[in-house]
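Here is the structure we will look at.
The values are calculated or read from the model by the stated rules, or taken from the named source; none is laboratory data. Just so you know, these numbers come straight off a predicted model, no measurement behind them. Don't worry about glycine lacking a Cβ; one is built from the backbone with ideal geometry, like all the others, and counts go over all protein chains shown. Note: areas computed on protein heavy atoms with side chains; ligands, DNA, RNA excluded. Shrake-Rupley method; radii C 1.70, N 1.55, O 1.52, S 1.80 Å.
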Amino acid sequence: MLKTSCLVSMCVLAATTLAHAAGSESEVVESLLGRMTLEEKLGQLNQIDGRPSADEPNVPHVDEEQVRAGSIGSLLNVYGVEKTRRLQQIAVEESRLHVPLLFAHDVIHGFRTIFPVPLGAAASFDVAAVERSERVAATEATAFGIHWTFAPMVDVARDPRWGRIVEGAGEDPYLSSAMAAARVRGFQGHDLAANDTLMATAKHFVAYGAAEGGRDYNIADISAQTLHETYLAPFRAATRAGVQSVMAAFNEVAGMPMHANTELIQGVLRGQWGFDGIVVSDYNGIAELIDHGVAADRKAAGNLALRAGVDIDMVSGVYSGQTPSLLQSGAIAVGRIDEAVRRVLRAKYRRGLFDDPYRYCDPARERNDILTAANRAAARDLARESMVLLKNEHRVLPLSKQARTIAVVGPLAKDAASMLGSWSAAGREADVISPLQGIRSAVGPRTRVLYAKGVDSKSTGRSGIAEAVRIAREADVVLLFIGESHDMSGEARSRSSLALPGSQEALARALRATGKPMAAIVFAGRPLSISWLAENVSSILYAWFPGVEAGHALADVLFGAYSPAGRLPVSIPRSVGQVPIYYNHKNTGRPPQESVSNTSKYMDIPWTPLYPFGHGLSYTTFRYDNLRLSAPRIRANETMTVQVDVTNTGDRAGDEVAQLYLRDDVARVTRPVRELRGFERIHIEPGESRTLSFQLGPEELGFRDTGDALVVEPGTFTVFAGGSSAATLAAGFEVIGDR
Ligand code: BGC
């Protein structure tokens, strides 16, 4: 009996796939579209959340009858070969038109092998390593039947109160664009139909990171200039890198909610940029148009979103419920529905699902391609590349080999869950090497490692401080592991304070009073205002959330096997009161000067950040000189080559992140005081000099006007080269001729 049914199903499948395979993309898509009922079309636009309940983790929360009826086109939160195969089988063998399902999931910084959170990965300034991390993530996720990820998040964020700053690449549009393109390439590879590539999603379109007050989901009320130059930039880069889907943002931009924003979705994204992939709503985002106050009811919400060009309705059920009456009343034309369905079918075709709907259902890959030694090695590499040495006085780091007793203190030292960060897909605590484990495995037999938690990460209790002080007194050096726990950043985790939570500063003060050499290792999904640490602790290493290999990577850095070279992708404020604070600000008519009154500054604190964008130290030192230009002047359509020599002036090898900034001195509209326009992470041996070349063409010299056109204005420009946004080595040139 079993055999017969298998045979029957194989025959059905063979007939199905053959029928689909026999045709080009447009033949397959148009033939299906021509045969679909309205309900089947709307099914393709309907995405449901199939997340299994905690009681039945192996049973997706899906009504199989709906799959059979063709009423579901894609699912999120269902993964695993067995689960996806079962649902796929119903779709392709039991539904009338045999259209395969798409399985989507948030694979944000790794699937099972968890990499540093995206903000940390951006601190590596290593585009190739970030691309590799997504290759690993794609290999693992596709081995679990996933076709589509809701990543990368490419939202520029200048307000660290916003918890989702952790998911992006920080405050700068140039770095964010480079990271966005790298992640898209990493996920999608060269061939979307390969069984180890994932369809990527650039999200959240657009300006979600400009949430007023840093409060998640809040409005973005920004100028057209800021929108086009800053917030749209990484989406432009992702589109150029070939991203196949874009997610609409929850927020409004200047009065128009993004799920109804025809001007930006149809006009800019599809019209001006030529994006031909899927636009997916955010979770329930279409129905929320009612709460925004632009739709009176679900029907009006569906109408607005369809017109704006949102193709897939993630979980609100508005499209499947309301579209028939919209069509009947003539509010929407069937052509608009067909357009959206076409895009979904094309995505399925490009994933190769019409050739073989089970190509992502290989149990051998699910067993073998996960958390491999190579994947862990890639995670360790990126984790140590992501760590930023903010300060290192008295050379507390790297730890001396002579240290006999090390006191490991703090709530984050053993917190494996926090090492995984805010959005860890299939990551497991049990896979994590905690900081304490990493340190214990790195020291020799003659070194004692003492441990005390001291305080909890969030609570205000102080009873453990005495024990921490006691072990510190016994030690040669104190390593203090503090910061936020993983659940303090991410979605819906905005904070009004950027201070160390709970009693952690009190712990640091008590340890400082012992007079022992101390290094603080700070974990967080955002920049924290750590002024007291900066003034009182000799060494500070900013570690973000490093992922599954946290402990090994930290040990590599702390004991000096690896010289840190991470750079801040975001300014660290002195106080939350400085927010928003970013390096590429405007000069104003009264540029800030601490010693001059009536200039743009504060009465109570300096106007500068605690640590600027691009800052980060190394165990060695670097010198920049010989900044030279290929010509004193160029035309607006030409390219300037900028060269600079970088020398390792210390006594050990290390990586350096060379950065190039540009200022457009005078233009018709005001320009930032400087903007990152090139960077390169290089390895230099002691005493060695390297010459770096950067190209400044129209894309680098120009800016976007409010119609999104690239404008290069004649006039003088200044370039700065160095190891941070505070670089002072400068040279000038001129752009001549017409705009
Ligand atoms: C988030 C998205 C995410 C989606 C699906 C939403 O709440 O804003 O970033 O992709 O959920 O999990």
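To keep it simple, each residue is scored yes or no on (1) in a loop (DSSP other than H, G, I, E, B); (2) open to solvent by less than 10 Å² (accessible area, probe 1.4 Å); (3) under 25 Å from Ala104 (Cα atoms); (4) modelled with pLDDT of 95 or more.
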residue: Phe235; (1), (2), (3), (4): no, yes, yes, yes
residue: Tyr283; (1), (2), (3), (4): yes, no, yes, yes
residue: Ile286; (1), (2), (3), (4): yes, yes, yes, yes
residue: Asp291; (1), (2), (3), (4): no, no, no, yes
residue: Val294; (1), (2), (3), (4): yes, no, no, yes
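Against the condition basic (Lys, Arg) and within 16 Å of the ligand (Cβ to nearest atom), how does Arg158 come out, does it pass? Answer is no for this residue.
Scanning region 184-214 for residues that are within 16 Å of the ligand (Cβ to nearest atom) and either acidic (Asp, Glu) or more than 27 Å from Ala224 (Cβ to Cβ) (or both) turns up Phe187, Leu198, Met199, Ala200. Within region 302-318, the set of residues being in contact (Cβ under 8 Å) with a residue 40 or more places away in the chain and either among the acidic types (Asp, Glu) or open to solvent by 10 Å² or more (accessible area, probe 1.4 Å) (or both) comprises Leu304, Arg307, Asp311, Asp313, Val315, Gly317. Among the residues making up region 41-61, those that are within 16 Å of the ligand (Cβ to nearest atom) and either among the hydrophobic types (A, V, I, L, M, F, W, C) or in contact (Cβ under 8 Å) with a residue 60 or more places away in the chain (or both) are Asn46, Gln47, Ile48, Asp49.
The residue list Val344, Val315, Val334 contains one member that is in the same structural domain as Leu289 (by TED's automatic domain parsing) and within 16 Å of the ligand (Cβ to nearest atom), which is Val315. The helices (runs of 4 or more DSSP H) found wholly in region 319-413 and carrying at least 2 residues that are farther than 30 Å from Arg135 by Cβ and in contact (Cβ under 8 Å) with a residue 12 or more places away in the chain occupy 334-350. The set of residues in region 160-212 being assigned to a helix (DSSP H, G or I), over 19 Å from Ser74 (Cβ atoms) and among the aromatic types (Phe, Trp, Tyr) consists of Tyr174, Tyr208. Screening Asp276 against (1) touching a His at 6+ places or on another chain (Cβ under 7 Å); (2) open to solvent by 10 Å² or more (accessible area, probe 1.4 Å) leaves a single unmet condition, (1). When Ile222 is tested against (1) open to solvent by 30 Å² or more (accessible area, probe 1.4 Å); (2) within 16 Å of the ligand (Cβ to nearest atom); (3) within 18 Å of Ile165 (Cα to Cα); (4) not charged (D, E, K, R), only condition (2) is not met. Being within 16 Å of the ligand (Cβ to nearest atom) and among the basic types (Lys, Arg), is that true of even one residue in region 268-285? Within region 268-285, none of the residues are within 16 Å of the ligand (Cβ to nearest atom) and among the basic types (Lys, Arg).
When region 501-528 is filtered for residues that are surrounded by 24 or more Cβ atoms within 10 Å (Cβ to Cβ), of a type outside the set (Lys, Arg) and in a loop (DSSP other than H, G, I, E, B), the ones remaining, listed by number, are Ala524, Gly525, Pro527, Leu528. One residue is enough: does region 181-192 have a residue meeting the conditions without any contact (Cβ under 8 Å) to a residue 24 or more places away in the chain and surrounded by fewer than 24 Cβ atoms within 10 Å (Cβ to Cβ)? For region 181-192, residues without any contact (Cβ under 8 Å) to a residue 24 or more places away in the chain and surrounded by fewer than 24 Cβ atoms within 10 Å (Cβ to Cβ): present. Scanning region 111-131 turns up at least one residue that is aromatic (Phe, Trp, Tyr), touching a strand residue (DSSP E or B) at 6+ places or on another chain (Cβ under 7 Å) and not assigned by TED's automatic domain parsing to the domain that holds Gly214. Is at least one residue of region 439-447 farther than 19 Å from Val396 by Cβ, within 16 Å of the ligand (Cβ to nearest atom) and of a type in the set (Ser, Thr, Tyr)? Looking for residues that are farther than 19 Å from Val396 by Cβ, within 16 Å of the ligand (Cβ to nearest atom) and of a type in the set (Ser, Thr, Tyr), one finds none in region 439-447, hence no. Tallying residues that are under 25 Å from Ala129 (Cβ atoms) and either open to solvent by 30 Å² or more (accessible area, probe 1.4 Å) or of a type in the set (Gly, Ala, Ser) (or both) within region 644-671 yields 5. Determine whether Val127 is more than 16 Å from the ligand (Cβ to nearest atom) and of a type in the set (Val, Ile, Thr). Yes: the conditions hold for Val127. Would you mind stating whether Ala122 is touching a Gly at 6+ places or on another chain (Cβ under 9 Å) and closer than 30 Å to Ala565 by Cβ? So Ala122 fits the description; yes. Within region 237-267, the residues that satisfy the criterion of being within 16 Å of Val154 (Cα to Cα) and within 16 Å of the ligand (Cβ to nearest atom) are Ala238, Val243, Gln244, Ser245, Val246, Met247, Ala248, Ala249, Phe250, Asn251, Met258.
Being open to solvent by 10 Å² or more (accessible area, probe 1.4 Å) and either out of contact with any Lys or Arg (no Cβ under 9 Å at 6 or more places or on another chain) or within 26 Å of Pro612 (Cα to Cα) (or both) is true for just one of Ser494, Ser485. Which residue is that? Answer to the check: Ser494.
Taken as a whole, the condition of being within 26 Å of Gly566 (Cα to Cα) and surrounded by 15 or more Cβ atoms within 10 Å (Cβ to Cβ) does not apply to Glu688. Given the structure, is Ser434 buried (at least 24 other Cβ atoms within 10 Å of the Cβ), in contact with a Lys or Arg (Cβ under 7 Å, 6 or more places away or on another chain) and in the same structural domain as Leu541 (by TED's automatic domain parsing)? Taking the combined requirement at face value, the residue does not satisfy it.
Per the conditions (1) within 15 Å of the ligand (Cβ to nearest atom); (2) more than 18 Å from Ala210 (Cβ to Cβ); (3) open to solvent by less than 10 Å² (accessible area, probe 1.4 Å), the sole criterion not satisfied by Pro116 is (1). Restricted to strands (runs of 3 or more DSSP E) entirely inside region 539-646, those with at least 1 residues that are of a type in the set (Asp, Glu) are 622-629.
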